[in-house]
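To start, the structure itself, in C-alpha cells.
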Amino acid sequence: MPRSAADKRLVGLLVAGFMVALQFGCTPGNETLSEIRELERTAFEGEVIRPDIRQQLMVKYAEFSRLHAGHPFVPEALFRRADLLISAGKYELAVLQLQNLHDGHPTYPQRARCAFLVAFVYEVHLRDMELARRAYERTAALHPGTPEAELAAQSLALLSR
C-alpha cells in the first residue's frame, strides 16, 4: 500500500528521533555511569572515603565493566575498582583486578602503573617479597623507559639489600 509524503516524513522523523535518542540518551551504560558519577561526587568526607560509598562503587564499577565490556570507560572503572579494593584492605582481589586489567586491556594508558601496583601490593601489603620481586622484574621488562620501570628497578635494588 503506497504511503503518502506526509506518512513518509513522519516515519523519517520518528527514525531520526529514535537514532538521536539512541546516540545521546540511551547509550548503553549511561544510567550506570550517572550512578557512578553521583557516588563519586559524594564518596569523601574530608579526605576519607565513606566505607558505604566505597562498597557501592566497587559493585558499580564491576557491574558496569561486566555489562558494557566494550565501553571505553571499562579500563578506568576497573582501575578505580582496584584502588578501592586496596583502600578496603582486599589486597588479593586488588592484585587480581590489576593483573586482569593489565593483561586484558593492552591499549589502556595506565598499564605500567597497574604492573607496578601489583608489585607494590605484594611488597607492602601482602609482604610477599618473592612475588614482589618477580612483579617488579615484570614491570621493568614489559614497560621499559617508563617511570614505573624506573621505580621497579629502584624497588628491586632495595629488596636486594
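I'd like the full set of residues that are basic (Lys, Arg), closer than 23 Å to PRO109 by Cβ and touching a Ser or Thr at 6+ places or on another chain (Cβ under 7 Å), limited to segment 38-96.
The one that is basic (Lys, Arg), closer than 23 Å to PRO109 by Cβ and touching a Ser or Thr at 6+ places or on another chain (Cβ under 7 Å): LYS60.
Quick one: in segment 16-30, which of the residues that are surrounded by 11 or more Cβ atoms within 10 Å (Cβ to Cβ) and closer than 14 Å to HIS71 by Cα is modelled with the highest pLDDT?
ASN30
GLU123 fails exactly one of the following numbered conditions: (1) surrounded by 17 or more Cβ atoms within 10 Å (Cβ to Cβ); (2) within 20 Å of the chain's Cα centre (by Cα). What is the number of that condition?
Going through the list (1) surrounded by 17 or more Cβ atoms within 10 Å (Cβ to Cβ); (2) within 20 Å of the chain's Cα centre (by Cα), GLU123 breaks only (2).
Do we find a residue being surrounded by fewer than 18 Cβ atoms within 10 Å (Cβ to Cβ), at pLDDT 95 or above, part of a helix (DSSP H, G or I) and small (Gly, Ala, Ser) anywhere in segment 68-83?
Checked against the condition, which is being surrounded by fewer than 18 Cβ atoms within 10 Å (Cβ to Cβ), at pLDDT 95 or above, part of a helix (DSSP H, G or I) and small (Gly, Ala, Ser), segment 68-83 yields no hits at all.
If only one of ARG138, ARG134, ARG127 is modelled with pLDDT of 95 or more, over 30 Å from GLU38 (Cβ atoms) and not in a helix (DSSP H, G or I), which one is it?
ARG127
With respect to HIS102, determine if the residue is at negative phi and without any contact (Cβ under 8 Å) to a residue 24 or more places away in the chain.
When the stated conditions are applied, HIS102 passes them.
So which residues in segment 31-50 are touching a residue at least 12 places away in the same chain (Cβ under 8 Å) and loosely packed, with under 13 Cβ neighbours inside 10 Å, if there are any at all?
Of everything in segment 31-50, nothing turns out to be touching a residue at least 12 places away in the same chain (Cβ under 8 Å) and loosely packed, with under 13 Cβ neighbours inside 10 Å.
Any residue at all in segment 91-114 that is over 26 Å from ARG161 (Cβ atoms), hydrophobic (A, V, I, L, M, F, W, C), under 19 Å from the mean Cα position of the chain (by Cα) and outside any helix (DSSP H, G or I)?
no
With buried (at least 16 other Cβ atoms within 10 Å of the Cβ) and under 23 Å from the mean Cα position of the chain (by Cα) as the only criterion, which of ARG133, ARG138 stands out?
After applying the criteria, what remains is ARG138.
The values are calculated or read from the model by the stated rules, or taken from the named source; none is laboratory data. Everything numeric here is computed off the predicted structure, so don't read it as measured data. Note that each Cβ is placed from the backbone with ideal geometry, even for glycine, and that neighbours are counted across all protein chains shown.
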